[in-house]
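> Would you mind keeping the following structure in view while I ask a few things?
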């Protein structure tokens, strides 16, 4: 497993000498294995390692247990660590899980800025496979088939080519104890259903299904990275003073055009769904038109220029 971690770090240029790495540690097998492995490799890689645990206070005594376990683990090995305790209160139209994730990454970002560090999360090949299947169920494109990106900004995932079985074996061989989140045992969530039902069935056809999916996502990731690079260059060539030339956009191959439109939508804070991208392409091809993408935000092609514009909407309230 350690060799896989080193190969992944090298392939995706995750770490450089003198980097500070914050490891997100829940106390589960994956994060404990990652923390132990990186801390063991710190001299070889020339890095500093710091642990970070977030107590979401969502599972009562179990949450307290997890925090204390990580405190003891780090203390016994003299691993520098930081602990946060957060009160998760979802906003309107937001799930507890969504809010918890946002708050968690706000804590990570704050600590990364304070220590000028990168963040290592313990996403595995198993997590990656589950993500690919979830994306497929939603009707994904190439980007969704890439699964979890090995690197995103200052976030790195050194375990992304390691399976859950390899990680548990590593823990056993190194005498590492870990805790289990009881919510992972339930089938209340889509990811858990895939983990407990679909994946075991697929392993009956191919015991190495995780490795196979990892190879696929690696290949698709490289292809997608190239297309994204070409798309970014095309986007700049199409840019005008007040938007993007519809004529220039129409000259692009469809895969590149889709990515350019997706990027323009993202720049304006709009989720680039397939429906929105296709609607934008329709008016770009017509070289005129206007569509409401979401509240107060419109895609417009006027005078052969495509752009996103904001318009305050006035809504009439019917009296009953």
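The values are calculated or read from the model by the stated rules, or taken from the named source; none is laboratory data. All figures in this text were calculated on a predicted structure; none of them were measured in a lab. For neighbour counting, all protein chains shown are included, and Cβ atoms are generated from backbone atoms with ideal geometry for every residue, glycine included.
> Checking residue 175 against (1) in contact with a helix residue (DSSP H, G or I) (Cβ under 6 Å, 6 or more places away or on another chain); (2) on the phi > 0 side of the Ramachandran plot: exactly one of these is not met. Which one?
Exception for residue 175: condition (1).
> Continuing with the same structure: Restricting the search to the range 242-281, which residues are touching a strand residue (DSSP E or B) at 6+ places or on another chain (Cβ under 9 Å), surrounded by fewer than 19 Cβ atoms within 10 Å (Cβ to Cβ) and under 15 Å from residue 302 (Cβ atoms)?
Matches in the range 242-281: 242, 245.
For (1) farther than 17 Å from residue 121 by Cβ; (2) surrounded by 14 or more Cβ atoms within 10 Å (Cβ to Cβ); (3) modelled with pLDDT of 95 or more, each residue gets a yes or a no:
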residue: 7; (1), (2), (3): yes, no, yes
residue: 19; (1), (2), (3): no, yes, yes
residue: 25; (1), (2), (3): no, yes, yes
residue: 36; (1), (2), (3): no, yes, yes
residue: 44; (1), (2), (3): yes, no, yes
residue: 59; (1), (2), (3): yes, yes, no
residue: 63; (1), (2), (3): yes, yes, no
residue: 71; (1), (2), (3): yes, yes, yes
residue: 84; (1), (2), (3): no, yes, yes
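The rows are residues; the columns are (1) surrounded by fewer than 16 Cβ atoms within 10 Å (Cβ to Cβ); (2) out of contact with any strand residue (DSSP E or B) (no Cβ under 8 Å at 6 or more places or on another chain); (3) modelled with pLDDT of 95 or more; (4) at negative phi.
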site: 143; (1), (2), (3), (4): no, yes, no, yes
site: 146; (1), (2), (3), (4): no, yes, no, yes
site: 158; (1), (2), (3), (4): no, no, yes, yes
site: 161; (1), (2), (3), (4): no, yes, no, yes
site: 170; (1), (2), (3), (4): no, yes, yes, yes
site: 185; (1), (2), (3), (4): yes, yes, no, yes
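> Suppose the filter is touching a helix residue (DSSP H, G or I) at 6+ places or on another chain (Cβ under 6 Å) and assigned to a helix (DSSP H, G or I); does residue 129 pass it?
Against the criterion (touching a helix residue (DSSP H, G or I) at 6+ places or on another chain (Cβ under 6 Å) and assigned to a helix (DSSP H, G or I)), residue 129 qualifies.
> So, one more: Kindly list, by first and then second residue, each pair from a residue in the range 189-202 that is over 15 Å from residue 164 (Cα atoms) to a residue that is surrounded by 13 or more Cβ atoms within 10 Å (Cβ to Cβ) and modelled with pLDDT of 90 or more, limited to pairs with Cβ atoms under 8 Å and residues at least 6 apart or on different chains.
Partner pairs satisfying both residue conditions: 190/134; 198/133; 202/209.
> Considering only the range 108-116, I want to know if a residue exists there that is part of a loop (DSSP other than H, G, I, E, B), over 30 Å from residue 256 (Cα atoms) and over 18 Å from the mean Cα position of the chain (by Cα). Walk me through it before giving the result.
Of the range 108-116, the ones part of a loop (DSSP other than H, G, I, E, B) are 116.
Remaining after also requiring over 30 Å from residue 256 (Cα atoms): 116.
Narrowing the set further to residues that are over 18 Å from the mean Cα position of the chain (by Cα) leaves 116.
Within the range 108-116, one or more residues are part of a loop (DSSP other than H, G, I, E, B), over 30 Å from residue 256 (Cα atoms) and over 18 Å from the mean Cα position of the chain (by Cα).
> Looking at the range 17-27, can you tell me whether even one residue there is in a helix (DSSP H, G or I) and either more than 17 Å from residue 180 (Cα to Cα) or assigned by TED's automatic domain parsing to the domain that holds residue 74 (or both)?
Kept after step one, since they are in a helix (DSSP H, G or I), are these residues of the range 17-27: none.
So far as the range 17-27 goes, no, none of its residues is in a helix (DSSP H, G or I) and either more than 17 Å from residue 180 (Cα to Cα) or assigned by TED's automatic domain parsing to the domain that holds residue 74 (or both).
> Examine the range 147-160 for a residue that is part of a helix (DSSP H, G or I) and either closer than 27 Å to residue 16 by Cβ or in contact (Cβ under 8 Å) with a residue 60 or more places away in the chain (or both), and state whether such a residue exists. Can you show your working first?
Of all residues in the range 147-160, those part of a helix (DSSP H, G or I) come to none.
No, the range 147-160 has no match at all.
> Moving on to the next point. Does residue 83 meet the test of being over 16 Å from the mean Cα position of the chain (by Cα) and assigned to a strand (DSSP E or B)?
On the way: over 16 Å from the mean Cα position of the chain (by Cα): yes; assigned to a strand (DSSP E or B): yes.
Criteria met by residue 83.
> Which of the residues that make up the range 36-79 are part of a loop (DSSP other than H, G, I, E, B) and in contact with a strand residue (DSSP E or B) (Cβ under 8 Å, 6 or more places away or on another chain)? Don't jump to the end; show me each part of the working.
Of the residues in the range 36-79, the ones part of a loop (DSSP other than H, G, I, E, B) are 46-47, 56-60, 78-79.
Of everything in the range 36-79, those that are part of a loop (DSSP other than H, G, I, E, B) and in contact with a strand residue (DSSP E or B) (Cβ under 8 Å, 6 or more places away or on another chain) turn out to be 47, 57, 79.
> How many residues are more than 17 Å from residue 154 (Cβ to Cβ), in contact (Cβ under 8 Å) with a residue 12 or more places away in the chain and exposed (fewer than 13 other Cβ atoms within 10 Å of the Cβ) if we restrict to the range 86-118?
So the answer is 2.
> Identify, from the list 67, 130, the residue that is buried (at least 17 other Cβ atoms within 10 Å of the Cβ), more than 19 Å from the chain's Cα centre (by Cα) and within 24 Å of residue 192 (Cα to Cα). Lay out the reasoning, then the answer.
On the way: 130 fails: more than 19 Å from the chain's Cα centre (by Cα).
Going through 67, 130 in turn, the sole match is 67.
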